[in-house]
Amino acid sequence: MTQSASKSDLQASSAISYNFETVEPHWQQVWNSGDVFSVPDTPPADKPKYYVLEMFPYPSGQLHMGHVRNYALGDVVARYKRARGYAVLHPMGWDAFGLPAENAARERGVHPQEWTLKNIATMRTTLQRLGFSLNWDREIATCLPEYYGKQQKLFLDFMKAGLVDRRESWVNWDPIDQTVLANEQVVDGKGWRSGAPVEKKQLSQWFLKITDFADDLLSELQTLDRWPERVRTMQERWIGRSEGARVTFALHAPPAGLDTNLNAVEVFTTRPDTLFGMSFLAIAPDHPLATWVAQSNTDAAAFIAECHSLGTSAEAVETAEKRGIDTGLRVKHPFLDKDFPVWIANFVLTDYGTGALFGCPSGDQRDLDFAHKYNLPVVPVVLPAGKDQADFSIAAHAFTGDGTMINSGFLDGLSTQDARREAIARLEGMGVGKGVVNWRLRDWGISRQRYWGCPIPVIHCESCGAVPVPDAQLPVRLPEDVSFDKPGNPLDHHPTWKHVDCPHCGSPATRETDTFDTFVDSSWYFARFTAPHAEAPTVRSAADGWLAVDQYIGGIEHAILHLLYARFFTRAMKETGHLNLSEPFAGLFTQGMVSHASYKDASGHWLYPEEVEITGQGAVKRETGEPVTVGRVEKMSKSKRNTVAPSAIIERFGADTARWFVLSDSPPERDMEWTEAGVAGAARFAQRLFRIVSTVAQTVPVQADIPAEIAAQADDLRRVTHRTVAAVTEALEGFVINVAVARIHELTSALADAEKAADMPGMVYARREAARVLCFLSAPMMPHLAEEMFAQLEPGSPVVATQPWPEADPELLTAKQVTIAVQIMGKLRGTIEAAPDENKDDVIARAEAEPNVARLLEGKRIVKRVHVPNRIVNFVTAG
RNA sequence: GUGAGCUUGGCGGAAUGGUAGACGCAGGAGACUUAAAAUCUCCAGUCCGUAAGGGCGUGCGGGUUCAAGUCCCGCAGUUCGCACCA
């Protein structure tokens, strides 16, 4: 035997023991050779289809416990649905493009492709070792041309359909690394890697016009009734529909030399009713008019530069004082014969609305703060209900609620609602404004100045402009011979790759060297899984047959971007004929994180759990015995070193134990804590279950028919068995897997207890029945153990993975005898036994006679007798 | 600021308005063993009581009900998301 100490502890002592090291690979091999998890591209006609999908992993190098939990949950659904007679599509792939591969290349000189493929191989091995019922023949990796080439085709079709745009956009630019940074890569206004101050820079970028679908993406959220409410709410807020008006303010005296299209400033407002309360107009630092002003106004230029240097982090925004600079320009009010100053203000957002607003200090707190700082007038225009105009004024707080209009000319006396309508009507009549719907959602900028991503299939020609790469030249492959010695984008530095002839006119041209945002890759992989090897991006019979995904499972961190982009892509693919549905994910489940205690040694260094030993007195460092501080239970992360590697757990306890533990204690949507004691407990249970079922298999003869004579103990066991079938079924349907686990524990104990009454009539049948049911009920969670037990119990039968789910006999769902609680005034005073659905009067009479109840009822008058069948009797007394 | 969620033993958690604490972890006692591990049996919210039994208990304060962890109103704490969105 070549077992480690810990394994022999668990296994060597007991005569009957589940040897996962040989059993688990054996059944994996049986499943694979029997091809039991494969389904055809076109779903079979004789079964309903079910598509279960977990968010595919980024191949970082090692599977982590969060993955194990995610895929264990998905596998429970897949195996359960298969047993319920569905044709189940359950694929797996790799979200394989992204920055870590480039970082590895720069830091360790390994090529991104090599690094990525090696990671995939490692992680695939771990996943397969866990025994998930996946369609491995559908595996895809987004970094392979077989995938990203089809993505380029989609992009070109989107272009033809007018869903793609190219425009200037502001980016975070790292001047040292010569690269664009995502917002989360900007830390305190500096590049996360270089530490250089980040600059705002305008670049020409590709955009997908997600805002074309804003209305639909919002309204269709209502149809997603199997999505968590909070995810829908988050998306709703992200899309951010608001009704209001656009109003044009003409400059009072446009300065000479000003471009005529800057002669007026357009603002968006949700409160056109408060126009009479205006005291200034504010534009964003990047508004074209601000840029123009800064050319000749050094103070303005300095202010704008300062705004740019300020970080966009939450703290910076929160603490930033409202500041501005008066441009000296003035605009005419549409309704009043007055003009107002134009300020450049740091709190005006460039990319919301029109990047300009009119300030009404009495009706908006930000405007009020600004007015106070710069001594601008505050005119109250909305009178709250119950207030008197004579003594109403605005001090520290703006009034943002509804009321009656005052100081507002023709709007005076109207309600806020009516005033809004009237103001818009007047503006439209004058041709200086209109009612509009404004969206917070912006078009999706997809250009990234990076190597390890899908090349954008466009060629830039001096005479023809941006020319799509012809279909025949797809895929545009990434060159492999690239250098990461220089900062910036290796595609840009490559000596030959970008130089091509224009497909249009044939003259020398250059390839687009930007690649797609990796969110593009994950926006359609669920569709590709339905026909992963096809020439076209999708095959309609496959996609139409399998989609939508019936159950999508993943982390809450993707609640907004990934899910929104995927919803958009599905619509865009529908518009271009690649799909025929709008909503890709009919059901969504967001699982909680896996957390673990964190440990620090005396010098403050984090320690991995395997470096720490928990003793009766506390925690000590395993090697040295020095004391260890046990810190908070936190999400597993490398920085806190509170991670546990799945591969190590599998090696020590086996796949089934790891799976059982992550499913056991906590409800799937909540965070769970990984503990050494917990996983050891799961391992003990696996052994116990195996031992009990094995004992039945080896010692209880087979009896095909239900015996005529059956003792009470055997009947009880049968009732527990059938009730457990019903309870586990209900729990799995409701995704409360921890409860299913608890019910399996109970049946296991009941079967163990039955051994004592092994000789009673009917026990042979009842024990075999319970053992058989345990195989099937535990199979979604511990599939290898289930197969091994079942093979012992019924040798020669087909594998559990291909067998139907057990059915509960309705006759056996009720107990033969029920315990009824007896209360007086709602307080429990005793219990009595009764037959199910026993006559009400008999039950009440016996309840009243229960000794303790009778004692307490003495001398009391019973005014009411409440009887809930099979549950409770409650006496209401008086006096 | 704003939206959503959560709050039950030492811990994770269970509970169609009907015996609160299922199931598990940790703990205690015992059996087996030369011993340990493993396994098995039993105990276990809390307070009073030898016991029978009783008091108090699901964050806090009210309410509805024969009966509230569950429904309603208010408050507190906590977590997460978004955040100068005009």
(message) Of the conditions (1) open to solvent by 80 Å² or more (accessible area, probe 1.4 Å); (2) closer than 30 Å to A:PRO701 by Cβ; (3) more than 13 Å from RNA strand B (Cβ to nearest atom), A:GLN817 satisfies every one except a single condition; which number is it?
(response) (3)
(request) Quick one: A:ALA779 ticks every box in (1) in contact (Cβ under 8 Å) with a residue 60 or more places away in the chain; (2) open to solvent by 40 Å² or more (accessible area, probe 1.4 Å); (3) away from RNA strand B (no atom under 11 Å from the Cβ) except a single one, so which number is it? (result) (2)
(message) Checking the conditions here, which among A:VAL876, A:VAL868, A:VAL863 is within 15 Å of RNA strand B (Cβ to nearest atom), surrounded by fewer than 17 Cβ atoms within 10 Å (Cβ to Cβ) and without any contact (Cβ under 8 Å) to a residue 12 or more places away in the chain?
(response) A:VAL868
(message) Quick check on my filter: what residues within segment A:830-853 are open to solvent by 40 Å² or more (accessible area, probe 1.4 Å) and within 12 Å of RNA strand B (Cβ to nearest atom)?
(response) A:THR831, A:GLU833, A:PRO851, A:ASN852
(message) I'm told A:VAL696 meets every condition in (1) farther than 19 Å from A:ARG743 by Cα; (2) at pLDDT below 90 except one. Can you identify the failing condition by its number?
(response) (2)
(request) Go through (1) in a loop (DSSP other than H, G, I, E, B); (2) free of Cβ contacts under 8 Å to residues at least 60 places away in the same chain; (3) buried (at least 17 other Cβ atoms within 10 Å of the Cβ) and name the single condition A:SER637 misses. (result) (3)
(message) Can you confirm whether A:GLY506 is small (Gly, Ala, Ser) and either free of Cβ contacts under 8 Å to residues at least 24 places away in the same chain or within 20 Å of A:ASP95 (Cα to Cα) (or both)?
(response) yes
(message) Consider segment A:570-623. How many of its residues are of a type in the set (S, T, N, Q) and at positive phi?
(response) 0
(request) Tell me, yes or no, whether segment A:391-407 has at least one residue that is buried (at least 16 other Cβ atoms within 10 Å of the Cβ), within 15 Å of RNA strand B (Cβ to nearest atom), over 38 Å from the mean Cα position of the chain (by Cα) and in a strand (DSSP E or B). (result) no
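Residue by residue, here is whether (1) over 24 Å from A:GLY592 (Cβ atoms); (2) among the hydroxyl-bearing types (Ser, Thr, Tyr) holds:
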position	(1), (2)
A:TYR71	no, yes
A:MET92	no, no
A:ASN103	yes, no
A:GLU107	yes, no
A:VAL110	yes, no
A:ILE120	yes, no
A:TRP136	yes, no
A:GLY162	yes, no
(message) Looking at segment A:788-797, can you tell me whether even one residue there is more than 14 Å from RNA strand B (Cβ to nearest atom), among the small types (Gly, Ala, Ser), at pLDDT 95 or above and open to solvent by less than 30 Å² (accessible area, probe 1.4 Å)?
(response) no
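So that you can scan it fast, the table gives a plain yes or no per residue for (1) within 10 Å of RNA strand B (Cβ to nearest atom); (2) within 20 Å of A:ILE737 (Cβ to Cβ); (3) more than 30 Å from the chain's Cα centre (by Cα); (4) at pLDDT 80 or above:
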position	(1), (2), (3), (4)
A:GLU626	no, no, yes, no
A:GLY631	no, no, no, no
A:PHE653	no, yes, no, yes
A:VAL662	no, yes, no, yes
A:ALA682	yes, yes, no, yes
(request) Go through segment A:552-575 residue by residue and tally those that are more than 14 Å from A:PHE56 (Cα to Cα), surrounded by 18 or more Cβ atoms within 10 Å (Cβ to Cβ) and either away from RNA strand B (no atom under 16 Å from the Cβ) or of a type in the set (S, T, N, Q) (or both). (result) 7
(request) Answer yes if at least one residue in segment A:497-515 is open to solvent by less than 60 Å² (accessible area, probe 1.4 Å) and within 27 Å of the chain's Cα centre (by Cα), and no otherwise. (result) yes
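Each row is one residue, and each column tells you yes or no for (1) closer than 17 Å to A:GLN152 by Cα; (2) aromatic (Phe, Trp, Tyr); (3) part of a loop (DSSP other than H, G, I, E, B).
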| site | (1), (2), (3) |
| --- | --- |
| A:PRO537 | yes, no, yes |
| A:TYR552 | no, yes, no |
| A:ALA572 | yes, no, no |
| A:SER603 | no, no, yes |
(request) Look through segment A:746-767, keep the residues that are in a helix (DSSP H, G or I) and among the small types (Gly, Ala, Ser), and return whichever of them is nearest to A:THR802 (Cα to Cα). (result) A:ALA766
(request) Residue by residue through segment A:776-810, note down the ones that are of a type in the set (S, T, N, Q) and closer than 19 Å to A:ILE737 by Cα. (result) A:SER778
(request) Among the residues of segment A:351-385, write down those that are more than 8 Å from RNA strand B (Cβ to nearest atom), open to solvent by less than 10 Å² (accessible area, probe 1.4 Å) and assigned to a loop (DSSP other than H, G, I, E, B). (result) A:VAL381
(request) Kindly establish whether A:PHE410 is assigned to a helix (DSSP H, G or I) and in contact (Cβ under 8 Å) with a residue 40 or more places away in the chain. (result) yes
(request) Check off (1) closer than 22 Å to A:HIS26 by Cα; (2) outside any helix (DSSP H, G or I) for A:MET123 and give me the number that stays unchecked. (result) (2)
(request) Say whether the condition of being over 27 Å from A:SER33 (Cβ atoms), among the hydroxyl-bearing types (Ser, Thr, Tyr) and within 16 Å of RNA strand B (Cβ to nearest atom) is met by at least one residue in segment A:806-814. (result) yes
(request) Among the candidates A:LEU73, A:LEU89, single out the residue that is within 16 Å of RNA strand B (Cβ to nearest atom) and within 30 Å of A:PHE790 (Cα to Cα). (result) A:LEU73
(request) Go through segment A:743-766 and count every residue that is within 15 Å of RNA strand B (Cβ to nearest atom) and open to solvent by less than 40 Å² (accessible area, probe 1.4 Å). (result) 9
(message) A:VAL476 - would you say it is open to solvent by less than 10 Å² (accessible area, probe 1.4 Å), touching a helix residue (DSSP H, G or I) at 6+ places or on another chain (Cβ under 8 Å) and in a loop (DSSP other than H, G, I, E, B)?
(response) yes
(message) I need every pair where a residue in segment A:361-372 that is under 14 Å from A:PRO341 (Cα atoms) has its Cβ under 6 Å from the Cβ of a residue that is assigned to a loop (DSSP other than H, G, I, E, B) and within 8 Å of RNA strand B (Cβ to nearest atom), sequence separation at least 6 or different chains.
(response) A:ASP367/A:CYS360; A:PHE370/A:LYS322
(request) Collect the residues in segment A:658-706 that are open to solvent by 30 Å² or more (accessible area, probe 1.4 Å) and in contact with a His (Cβ under 7 Å, 6 or more places away or on another chain), keeping them in residue-number order. (result) A:GLU673
(request) Name every residue in segment A:31-84 that is small (Gly, Ala, Ser) and buried (at least 23 other Cβ atoms within 10 Å of the Cβ), in order of residue number. (result) A:ALA72, A:GLY74, A:ALA78
(request) Could you please find all residues in segment A:578-591 being open to solvent by 10 Å² or more (accessible area, probe 1.4 Å) and in a loop (DSSP other than H, G, I, E, B)? (result) A:HIS578, A:ASN580, A:LEU581, A:SER582, A:GLU583, A:ALA586
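The values are calculated or read from the model by the stated rules, or taken from the named source; none is laboratory data. Here the structure is a predicted model, which means the values were calculated and not measured. Ideal geometry is used to build each Cβ from the backbone, glycine not excepted, and the neighbour counts take in all protein chains shown. Remember, those area values only see protein heavy atoms, side chains included, never the ligands or the DNA or RNA. Shrake-Rupley method; radii C 1.70, N 1.55, O 1.52, S 1.80 Å.
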